[in-house]
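One structure below.
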Amino acid sequence: FTLAKVWEEVNAAPEANWNIADLAYRAKVSVRQFQRIMKKNYEMTAEGMLTKIRMQRSQELLLSTELTLDAIAERVGYSSVYSFSKAFKNYCKTPPGAFRKSNH
């Protein structure tokens, strides 16, 4: 298995309902082993990597499209604009609307 392959799949479809058990299964290891491998290879948890991928994609969408925050939230795997905005602010230290305005 390759960890990179698993994360390529996530990158290709960040909107999918990913969970750690599913990612571990795709990597053909136990959840515990998957988390261990993540820490060793990426120095972050699988949840952290999933968030990173989703936040990077949302930044691209905020800067390159006129999509609403609702539409962006959906495209990066958040069921509500509220949970997306909260995650974005935690990750980027600025709300998504402010991020878009300050980078345009």
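The values are calculated or read from the model by the stated rules, or taken from the named source; none is laboratory data. Bear in mind the structure is a predicted one, so any value in this text is a computation, not a measurement. Positions of Cβ are backbone-derived with ideal geometry, glycine not excepted, and every protein chain shown enters the neighbour counts. For the accessible areas, the whole protein counts, side chains as well, though only heavy atoms, and no ligand, DNA or RNA atoms are used. Shrake-Rupley method; radii C 1.70, N 1.55, O 1.52, S 1.80 Å.
Rounded to the nearest 500 deg cm²/dmol, what is the calculated helix-only ellipticity per residue at 222 nm for the chain, with -39500 (n - 2.57) per DSSP H run of length n ≥ 4?
The helix contribution divided over the chain gives -21500 deg cm²/dmol.
Give me the 1.4 Å probe accessible area per residue for the range 5-104, excluding ligands and nucleic acids, in Å².
On a per-residue basis, 62 Å².
Kindly rank 41-48, 73-80 from highest to lowest mean number of other beta carbons found within 10 Å of each residue.
Ranked from most to least packed, the peptides come out as 73-80, 41-48.
Given axes a ≥ b ≥ c from the Cα gyration tensor, I'd like to know whether the range 49-104 is rounded (a/c under 1.5), prolate (a/b larger than b/c) or oblate.
rounded
In nm, give the distance between the simple-model label positions of Asp70 and Thr94, each being 7 Å from the Cα along the Cα-to-Cβ direction.
According to this spin-label approximation, the distance is 2.6 nm.
Quick check for me: using +1 on Lys/Arg Cβ and -1 on Asp/Glu Cβ, what's the dipole size of the chain about its Cα centre, in debye to the nearest 20?
The dipole of the chain has a size of about 460 debye.
Report, ordered by chain and residue number, the lysines lying within cross-link reach of Lys86, taken as a straight Cα distance under 19 Å and ignoring same-chain residues fewer than 8 apart.
Answer for Lys86, where 19 Å is the Cα cut-off: Lys52, Lys101, listed by chain and number.
³J(HN,Hα) across the range 95-104 via Karplus (A = 6.51, B = -1.76, C = 1.60, θ = phi - 60°), whole Hz, x for Gly/Pro?
x, x, x, 5, 4, 4, 4, 6, 10, 9
Go through Leu67, Pro95, Phe84 and say which Cα lies farthest out towards the positive end of the charge dipole of the range 57-104; charges sit on Cβ, +1 for Lys and Arg, -1 for Asp and Glu.
Pro95
Over the chain, what relative contact order in percent results from Cα pairs under 8 Å that are six or more residues apart?
24
Quantify, in whole percent, the carbon and sulfur part of the accessible surface of the chain (1.4 Å probe; protein heavy atoms only).
In the chain, the share of accessible area belonging to carbon and sulfur is 52 percent.
List the DSSP H helices in the chain whose Cα atoms stretch 20 Å or more along the helix axis and whose mean Kyte-Doolittle hydropathy is at least -1.0.
Membrane-span-like by this criterion, though nothing is claimed about a membrane: 46-64.
Just checking my list [x] 1.38; [y] 1.18; [z] 1.13 against Cα Rg over 2.2 N^0.38 Å computed from this structure; which label fits?
It is the value labelled [z].
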